[in-house]
């Protein structure tokens, strides 16, 4: 019986552009082949990498290539959330609250956000339902903190 699986870890990936900088960074060799003139050393040996393919890096520093179409179907960027919201999410997890309780707006109970402005920022961000979806995705998959504007 076939079972359905999902990926459970995050990866770091960079789209290959053929630049000298990327060739040096990933130790990419240049060959004379028409199909894949660029080659990268992976756990499976040297494999071709084409411009616009993605070079993924695993938890042990190993690299592999992913074609652009497969990458776009398989991966999504981690959600970017504001620093105050990230701190709130961390506080809620530390307090062993559920995601439902975390989304309910009981910020004072679970967060170190004690100033009125911080609480207002968090509640204002959580109010649109799209942001609640982002918060849930960040809770489950991880997140990056938005750059300050």
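Each value in this text was obtained by applying a stated rule to the coordinates, not by laboratory testing. Computed from a predicted model, the values in this text were never measured in an experiment. Counting neighbours? That spans all protein chains shown, and the Cβs are built from the backbone with ideal geometry, glycine included.
Averaging the sequence gap over all C-alpha pairs within less than 8 Å and six or more residues apart, then dividing by the number of residues, gives the chain a relative contact order of 19 percent. Annotation: Cα Rg of the chain relative to the compact-globule expectation 2.2 N^0.38 Å equals 1.40.
Compute a Gaussian network model of the chain, connecting alpha carbons closer than 10 Å, and tell me which residue from 87, 96, 131 fluctuates the most. For the chain, modelled as a Gaussian network with Cα springs under 10 Å, the answer is 96. For residue 4 and residue 147, the FRET efficiency from 1/(1 + (r/R0)^6), where r spans their Cβ atoms and R0 equals 25 Å, is about 0.10.
Given 0.36 nm per residue, what is the gain on full extension from residue 41 to residue 95 after removing their alpha carbon distance, in nm?
Working: separation 54, 0.36 × 54 = 19.44 nm, distance 4.42 nm.
Gain on stretching residue 41 to residue 95: 15.0 nm.
Using r as the Cβ-Cβ distance of residue 32 and residue 57, and R0 as 35 Å, what FRET efficiency do you calculate, to the nearest 0.05? With a Förster radius of 35 Å, E is 0.80. With all projection directions averaged, the alpha carbon convex hull of segment 12-74 covers 4.3 nm².
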